[in-house]
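Encoded as structure tokens, the structure appears first; notes follow it.
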Ligand code: G1P
């Protein structure tokens, strides 16, 4: 057929880019008891703001405009942190303390915050399943709230772009030592299709297993707490039986979609990752971020150096 008689093409619609961050935050945080008996672990401070604020700042920086917090009993204060405090704002305004006024308003300006309750904690997959009514048919990101990359790292943004391109699942991986593979979801991978045009650190995932024994681990690539998922994950979660630890695992639901042909890719993260979910990682995050903080870092570093030298 001559080109000028070809039927007009339907305009090509760009595939959806995720706009919502889902943050599962209903857990008990037993590793931080007794501190977390009444204070949600997501509100433990790292330098001058709660851990959860770093996570919401990360999602806002990646362009995600809404955040769905999956919460549970005793966690309302976590949601309050992202609300306004007109009484406190009035006091600070009367004092002319603009810096603190900006600081307390900032959390409420980052994103639209929504919540849903997970009434019982039956696993990460089970928690993510509660996002379905909010997310609908669009792709979305999941950010686990006890870990985050260096705040300037564009990891999440890269993952969102890749997912928009593939329409499948995009994970973040970190290479971990042998003695840690049984604490994570572990992937088997092969080089990504060069036609994807993705950076070298992008891999195609060929298998996923939750918390394997070292002998059964297909690699040392651990899934860290950043995922971009298509809405098909909800049906897969419904079809997922309890797995490791008797819980409904997100890893198993993703493995199901992988087996059924959904493309799964991973971005290998080579930068810093703060793991605030365990006491050692939490302390390391506080020290590292305090050293970088304007107005605090230089003096803190001097003190720290002296302390370590035994002064
Ligand atoms: C969860 C996931 C696991 C992932 C890890 C990352 O485990 O189930 O696949 O590797 O987060 O932190 P959890 O730490 O909740 O036991």
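Overview of results
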| item | result |
| --- | --- |
| Choice from 111, 195, 29 showing the highest fluctuation, given a GNM over the chain with Cα pairs closer than 10 Å | 195 |
| Shape box of the range 1-150 [Cα atoms, principal axes, largest first, Å] | 74, 45, 28 |
| Cα radius of gyration and Dmax for the range 94-161 (Å) | 16.6, 48 |
| Helix 297-308 vs. the chain, principal-axis angle (Cα, 0 to 90°, nearest 10) | 80 degrees |
| Relative contact order, percent, the chain [alpha-carbon distance under 8 Å, six or more residues apart] | 21 percent |
| Mean shadow area of the range 40-103, taken as a quarter of the surface of its Cα convex hull (nm²) | 5.3 nm² |
| Between helix 279-292 and the chain: long-axis angle, C-alpha atoms, 0 to 90°, nearest 10 | 80 degrees |
| The range 116-248 - Rg and Dmax from Cα coordinates, angstrom | 15.2, 44 |
| Cβ crowding within 10 Å averaged over residues, with 218-227, 182-191 ranked highest first | 218-227, 182-191 |
| Angle between the chain longest axis and helix 86-95 axis [Cα atoms, degrees, rounded to 10] | 50 degrees |
| Mean Cα-pair separation over length for the range 155-255, i.e. relative contact order, pairs under 8 Å, 6 or more apart, % | 33 percent |
| Candidates 112, 87, 235: whichever shows maximal mean-square fluctuation once the chain is modelled as a Gaussian network with Cα springs under 10 Å | 87 |
| Of all DSSP beta bridges in the chain, antiparallel share, percent nearest 5 | 60 percent |
| Spherically averaged projected area in nm², based on the convex hull that wraps the Cα atoms of the range 162-311 | 12.0 nm² |
| Residue-averaged 222 nm ellipticity for the chain, from DSSP H runs of 4+ at -39500 (n - 2.57), nearest 500 | -9500 deg cm²/dmol |
| Convex hull projection area averaged over all views, the chain, Cα basis, nm² | 22.4 nm² |
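Rule-based calculations on the coordinates, nothing more; no lab input. Quick caveat, the model's predicted, so the values are computed rather than measured. Every residue, glycine among them, receives a Cβ derived from its backbone with ideal geometry; neighbour counts consider all protein chains shown.
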